[in-house]
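J.: Take this structure first; my questions come after.
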Amino acid sequence: MDATIVSLIGIFISLAFIIFLALRGVGIIVIAPLAVVVVSVFSGMDVLGTLSGPYMKGFVSYAGKFYLIFLTAAMFGKFMEDSGAARSIAEGLLKVVGRGSPFKVMVSISVICWILTLGGVSLFVVVFAIVPIARPLFKELNMPWHLFMAAFMFGNGAITMSMMPGTPSVLNIMPTKYMASTPMAAPVLGLAGIAVSIAWCLWYFKRELKKSRDRDEVYEEPTLMGGSGVDQYADRALPNVWISLLPPVCLIAALNVAKVDIVWSLITGCVVAVIVFWSYYPNKLETINKGALNTVVPVINTCADVGYGMAVAASAGFAVVSDILLNLPGNPIVSLAVAVNLMAGITGSASGGLGIVLETLAPKYLALGLNPELVHRIAVISAGTFDALPHNGVVITSLAVCGLTHKNAYRHIWFVHVLCSVVALLVIIPLGIVLYGK
């Protein structure tokens, strides 16, 4: 059999290997180098040479570009969480959006998650902040708990992670390190995606609530993990909601109005939070240390993903995949979307999949004459689509924390994140071709 075909088979086997182990709870830090071994063996590459060469090159390259962003973002999120500012914002929004009906509760939860993630709070952290707020509301209105995942993933997913122009998410910042674009790239496309997503998910909320009523589903107490059932703010004074919004507003203004680098923008948000909420921190040193430690898992996981991608890119089989993607019929922006979706789905990571494409394929797409703003927005939105397959880290963690399973709740993630983002892309890509040309 041709060596290139064997190498290609090895790539697919390594992907199946990643998904199989991820669904059984093995971390990507362990899985990625093992998957590199599989790729190396099938491609006739020296195993240790591949691990110490392409794998570590990708690992270190990503860390060098994005470690400080992960660090300052994690610190900012922890300052907002421990001060009670994130909780204050959530309570303020509940008063505005409402909590008097099941539909309003679901919308309120989504909006709270939008604000928290747009304000820089990590996707992994938001679930711990929102569960203590949502659980009493679901119990009060006798709503089945599995519906929480629909509201949570809509607010914790694609809109503030990839579609919102100017969002400080790591995903939206990544392309700016590889091309002449800004976090505000292609704002019309982002806003169009948001409009489609909102319409889709509100329709889905109403449909699922009706189906739930028809099945006579009721609230059942979930078995929560990670201590998320304990309301740590129950007996604490919270900062004023308008004051609580000051740090994220300063962060977003510094990034998009003053055009300050993302790291300095996040540091600005941290400094403002410390000054404004000084008296609200129970233990300032603990907040700083835990904020820094919160950096470790996300950045190492993503580095491992990107390292795996670089090892795959060094194989003979990847040349075949790359050639197929770059020569798909039609506009090349379509093949870009396919490439990013493929890599994000394979790795189970939006930032990991996007990092692989930016490192290996983005220069080739830009060489075809595609507008950098168009490449930025389409690539980022595509990364936040098939990333949420069952083996995704946020999916697995969120389900476990909420006491839910893939069986009773993953369908909500599929509809409000994966399928919703695909529908949005079907609108955004033709619009982008019209507005930005080739």
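J.: Are there any chymotrypsin sites (Phe, Trp or Tyr not before Pro) in region 281-372 that are in a DSSP loop and have at most 14 other Cβ atoms within 10 Å? List them by number.
T.: none
J.: Within 15 Å, Cβ to Cβ, of Ser351, how many net charges do the neighbouring residues add up to if Lys/Arg are +1 and Asp/Glu are -1?
T.: Once positives and negatives cancel, what remains is -1.
J.: Within region 241-348, list the trypsin sites (Lys or Arg not before Pro) lying in a DSSP loop whose Cβ has at most 13 other Cβ atoms in a 10 Å radius.
T.: Lys259
J.: Assuming R0 = 25 Å, can you tell me the calculated FRET efficiency for the pair Asp214 and Val249, based on Cβ-Cβ distance, to the nearest 0.05?
T.: 0.05
J.: Could you tell me how far the Cα centroid of region 240-307 sits from the Cα centroid of region 1-43, in Å?
T.: So the two Cα centres are separated by 36 Å.
J.: Give me Met149, Met184 ranked fewest to most by other Cβ atoms within 10 Å of their Cβ, as a rough exposure proxy.
T.: On the way: Met149 24, Met184 18.
Listing Met149, Met184 from fewest to most nearby Cβ atoms yields Met184, Met149.
J.: Roughly how tilted is helix 3-22, in degrees to the nearest 10 and between 0 and 90, from the longest Cα axis of the chain?
T.: The angle comes out at about 20 degrees.
J.: Using a cut-off of 11 Å between beta-carbons, work out the net charge of the residues near Leu189 (Lys and Arg +1, Asp and Glu -1, Leu189 not included).
T.: Summing Lys and Arg as +1 and Asp and Glu as -1 gives 0.
J.: For a quick size check, give me the Cα extents of the chain along its three principal axes, largest first, whole Å.
T.: Its Cα atoms span 66, 51, 45 Å along the three principal axes.
J.: Which angle from 0 to 90°, rounded to the nearest 10, does the C-alpha axis of helix 284-293 make with the longest principal axis of the chain?
T.: That helix lies at roughly 30 degrees to the long axis.
J.: Using only Cα atoms, locate the centre of region 308-371 and the centre of region 383-410, then give the distance between them in Å, rounded to an integer.
T.: Using only Cα atoms, the two centres lie 24 Å from each other.
J.: Of Phe128, Phe277, how do they rank once you tally other Cβ atoms within 10 Å and put the fewest first?
T.: Exposure proxy ranking, most exposed first: Phe128, Phe277.
J.: Over the chain, what is the relative contact order in percent, taking alpha-carbon pairs closer than 8 angstrom and at least six residues apart?
T.: 26 percent
J.: In which sequence would His417, His406 go, from the one with the fewest C-beta neighbours within 10 Å to the one with the most?
T.: Ordered by Cβ neighbours within 10 Å, fewest first: His406, His417.
Read the figures in this text as sums done on the coordinates, not as results from a lab. Bear in mind that the values here come from a model prediction, so they are computed numbers and not experimental data. Every residue, glycine as well, gets a Cβ built from its backbone with ideal geometry; the counts of neighbours run over all protein chains shown.
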